[in-house]
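Working notes for the structure below.
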Amino acid sequence: MKSIQIPRRFTRNAWGGTETVVLETSKRLNAMGHEAKIFCPGALDPVREETIDGVSVTRLPYFYPYLGLSAASRSQMDRKGGNLFSPQILARLLLEPDVDVLHAHTGKRLGGIVRLAARLRGIPYVVSLHGGAYDVSSGEAASWTEPSRGAVEWGRALGFLVGSRRVLSDAAAVICLGENERRLVERAHPRTRAVVLPNGVDPVRFKSGDRNSLRARLGVDPLDELLLVAGRIDPQKNQALALDILAALQPSRPRLRLAFMGPVTSPAYLESLRQSAERLGVAERVIFFEAAQGSKDLADAYAAADVVLVPSAHEPFGIVVLEAWASTRPVIASRVGGLVDLISDGRDGRLIDPADVGSWIHAVVHVLDRRPAAWSMACAGRAKALKSYTWDAVAGKLLALYEEVSRAGVAKTPRAVANLSAEPSRLSL
């Protein structure tokens, strides 16, 4: 079989969870004898063609159909949520030979292009929701349109042309990260098959981290206590909460440090974090850095941490949790979104309301002061990751889904879908 993966962007210059999912599943699909390629807009990357870890990547021209859009706004839309259009991607999807299934990792106009290409070719397409459809906070959704404020959008006709409003309802399957989003999709699109397929992790890669290597480069003493927040610098990730925790514990724990690791998708939020660190008197204890995609820095960062914090205001899944578990590190996370389904509170991690700063502080102290209990929790997390969340297992289930929708063809009726499973809408892959 052959599939084309279509994310909104794919670049080493601004790596995130979606890029990880697309690359890791594509690598393993190829290893299984399935051919997976990536076609995407050239956002944030001028390289037209390249191969990353054995996966072919083709980047194509695109544009934002707005009048009066500034260069700064365009750059911000490249980084997060931009509703773009690309006739060149449509052409390549139509001309690429021997394709069995298209896999969209976005909706809106680009998702509509995938829909139209699939219908013109007479092949099925599936859509992965990476937390950007129904299970998303109003504040997060509003941030996607903020860069286009003041500009005049003229691209609604393009969306109508490619059927952008029917991307989910016409898909052969919609892949959700968690049960909550699956239920929401099922409610909104009762004729569409919605399945749960979680993210994964490479346990071998994260077990090889060097605790002292990155600490030395970042100027963190071997005896310092280090809190790590991994993820893009963005209000959704709620890094401000970690600053409050650090400030509260500063008098009693003089060796406590805090590291933020991830790309910047909101420069304004980064500046606000720096200002808050200065105001709270903890700036000298805070480090911002980014681990290069494919480098050993990522595994070294988790190995360097004593506790991994996931303070997100909204989180559709939480791939950071899997990476921390694979590194055998204790996790304290927000009781929101997909994190609630992923973590068993008190067994393999802690779940705390993001508004309850006092409970966060207490949990951090508890983990730092009771190392045997923290280690037991971290080991339970690693065991869960090894059992249920390896990329090999995820890719195997994805390939099975491709085969099912390909056998069913492009027909979209309740009977055609029902033939795939006794209760297809409730199937978890």
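The values are calculated or read from the model by the stated rules, or taken from the named source; none is laboratory data. All values reported here derive from a predicted model rather than from experimental measurement. Ideal geometry is used to build each Cβ from the backbone, glycine not excepted, and the neighbour counts take in all protein chains shown.
General remarks:
- Some residue of region 279-288 being touching a helix residue (DSSP H, G or I) at 6+ places or on another chain (Cβ under 7 Å) and among the acidic types (Asp, Glu): no
- Every residue from region 223-254 that is assigned to a loop (DSSP other than H, G, I, E, B) and within 19 Å of Ala313 (Cβ to Cβ): Gly231, Arg232, Asp234, Asn238
- Taking the listed residues Glu278, Glu271, the one that is assigned to a helix (DSSP H, G or I), more than 23 Å from Ile361 (Cβ to Cβ) and of a type in the set (Asp, Glu) is Glu271, with no other qualifying.
- Hits in region 56-69 (condition: assigned to a strand (DSSP E or B) and in contact (Cβ under 8 Å) with a residue 24 or more places away in the chain): Val57, Thr58, Arg59, Leu60, Tyr66, Leu67
- Residue match in region 187-202 (condition: acidic (Asp, Glu), closer than 30 Å to Ala400 by Cα and assigned to a helix (DSSP H, G or I)): no
- Residue satisfying condition, being surrounded by 22 or more Cβ atoms within 10 Å (Cβ to Cβ), assigned by TED's automatic domain parsing to the domain that holds Trp375 and hydroxyl-bearing (Ser, Thr, Tyr), within set Ser295, Ser334, Ser266: Ser334
- Pairing residues of region 345-366 that are within 17 Å of Ala378 (Cα to Cα) and outside the structural domain of Ala380 (by TED's automatic domain parsing) with residues that are surrounded by 19 or more Cβ atoms within 10 Å (Cβ to Cβ) and modelled with pLDDT under 95, at Cβ distances under 9 Å and at least 6 apart in sequence or on separate chains, gives no pairs at all.
- Within region 70-93, residues that are at positive phi sit with their Cβ atoms under 6 Å from residues that are at pLDDT below 90, at 6+ positions apart or across chains, in these pairs: Gly81/Trp144.
- Test: residue in region 302-322 that is at pLDDT 95 or above, surrounded by fewer than 18 Cβ atoms within 10 Å (Cβ to Cβ) and either over 30 Å from Arg12 (Cβ atoms) or not charged (D, E, K, R) (or both): no
- Residues in region 281-316 that are of a type outside the set (Ser, Thr, Tyr) and part of a helix (DSSP H, G or I): Ala283, Glu284, Arg285, Asp297, Leu298, Ala299, Asp300, Ala301, Ala303, Ala304.
- Scanning region 176-205 for residues that are more than 17 Å from Val21 (Cβ to Cβ) and of a type outside the set (A, V, I, L, M) yields a count of 10.
- Exactly one residue among Gly200, Gly209 is crowded, with 16+ Cβ neighbours inside 10 Å, at pLDDT below 95 and within 25 Å of Ala385 (Cβ to Cβ), and that residue is Gly209.
- Of all residues in region 269-282, exactly one satisfies the criterion of being buried (at least 19 other Cβ atoms within 10 Å of the Cβ) and small (Gly, Ala, Ser), namely Ala277.
- When residues in region 20-55 are screened for being touching a residue at least 12 places away in the same chain (Cβ under 8 Å), among the charged types (D, E, K, R), surrounded by fewer than 21 Cβ atoms within 10 Å (Cβ to Cβ) and within 17 Å of Gly294 (Cβ to Cβ), 3 of them pass.
- Output for region 182-210, where each listed residue is in contact with an Asp or Glu (Cβ under 8 Å, 6 or more places away or on another chain) and charged (D, E, K, R): Asp202, Asp210
- Residues that are β-branched (Val, Ile, Thr) and free of Cβ contacts under 8 Å to residues at least 40 places away in the same chain do occur in region 269-287.
- Residue match in region 57-66 (condition: farther than 16 Å from Gln88 by Cα and surrounded by fewer than 19 Cβ atoms within 10 Å (Cβ to Cβ)): no
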